[in-house]
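Everything below concerns the one structure shown next.
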Amino acid sequence: RVPVVLDWLPEGCVSLSMTRCKDVDVGDVLESHLKFLRLDNCNISDDGLARLLSRCPKLASLQLPNNRALQVPVVLAMMPPLRSLDILCCEDSSAPQDVGAIVAAFPRLEELALHLGGDCSTLTRLQKSLRRLCVRLSDELTAAELATRVLPRLLSLQRLDVIVPRERDVAVAEHRFRGLAPSVVVRCCGDVQATASKGVLNVGSLCDGLGLVLEK
């Protein structure tokens, strides 16, 4: 990973994407017109997530995959009007995320990706808006509740992605979730991590093009 300091963005920039950049410093520059932000495997912390949410008031899409188990803060005075949120991490050490806090903070989500565990019933509050759901499942009780009590009530859902711990769990999950959304895809964590490792950008070229500063 390469440390990156964001100290300037082109005027009118509404979209920014980075992959495998270490300790991205969002700084004050992100108090801008950004609507789409993706920081994949950039070592974002919970504090970094809170800063992003507080300094990007116009964000519609926030994609932070592979940044460990991020937790959405519940004390911010104002939240951006997110329609798409990805805070999924498939590392073995990552813990399930608080879906209740996420739904409370972003009640109009259309796309959501996270590590789901425990009570997931609050997802039903998104029954009219949620079109795509990607969940990493690591316990049987959550998987059963999702299949029997939650998914049948998500009336707008068009695609369901389920990520299970091991390859041998895929067939069981395919049987359990079949028919609960128009499109259902089941993968194991290993396959997801392998796919993520292939999506590495040339950070130097990207930063040169945007006029960003690389720390040595």
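The values are calculated or read from the model by the stated rules, or taken from the named source; none is laboratory data. Only a predicted model underlies this, so the values are computations on that prediction, with no experimental measurement involved. When we count neighbours, we look across all protein chains shown, and the Cβ atoms used for this are built from the backbone with ideal geometry, even at glycine. With ligands, DNA and RNA removed, areas are computed over all heavy atoms of the protein, side chains included. Shrake-Rupley method; radii C 1.70, N 1.55, O 1.52, S 1.80 Å.
Inspection of the stretch 105-112 identifies at least one residue that is within 15 Å of the chain's Cα centre (by Cα), buried (at least 16 other Cβ atoms within 10 Å of the Cβ), of a type in the set (A, V, I, L, M) and over 26 Å from Val164 (Cβ atoms).
Considering Leu70, Leu85, which residue is under 10 Å from the mean Cα position of the chain (by Cα) and modelled with pLDDT under 90? Sole residue among the options that is under 10 Å from the mean Cα position of the chain (by Cα) and modelled with pLDDT under 90: Leu70. Looking across the stretch 103-162, just one residue is of a type in the set (S, T, N, Q) and under 20 Å from Asn66 (Cβ atoms), and that is Ser138. Restricting Val186, Val99, Val162 to those that are open to solvent by less than 50 Å² (accessible area, probe 1.4 Å) and in contact with a Phe, Trp or Tyr (Cβ under 6 Å, 6 or more places away or on another chain) reduces the list to Val162. Cβ-Cβ contacts under 6 Å between residues 6 or more apart (or on different chains), taken from a first residue in the stretch 164-187 that is free of Cβ contacts under 8 Å to residues at least 40 places away in the same chain to a second residue that is aromatic (Phe, Trp, Tyr), are listed as Val184/Phe177. Cβ-Cβ distances below 9 Å connect the following pairs, each with a first residue in the stretch 48-69 that is over 23 Å from Ser93 (Cα atoms) and crowded, with 19+ Cβ neighbours inside 10 Å, a second residue that is at pLDDT 85 or above and small (Gly, Ala, Ser), and a separation of six or more residues or different chains: Leu53/Ala105.
Residues in the stretch 75-96 that are in a loop (DSSP other than H, G, I, E, B), under 20 Å from Asp161 (Cβ atoms), touching a Cys at 6+ places or on another chain (Cβ under 9 Å) and open to solvent by less than 50 Å² (accessible area, probe 1.4 Å): Leu88, Cys90.
Inspect all residues belonging to the stretch 127-147 and state whether any of them is aliphatic (A, V, I, L, M), farther than 24 Å from Asp92 by Cα and surrounded by fewer than 21 Cβ atoms within 10 Å (Cβ to Cβ). The answer is no, given that none of the residues of the stretch 127-147 is aliphatic (A, V, I, L, M), farther than 24 Å from Asp92 by Cα and surrounded by fewer than 21 Cβ atoms within 10 Å (Cβ to Cβ).
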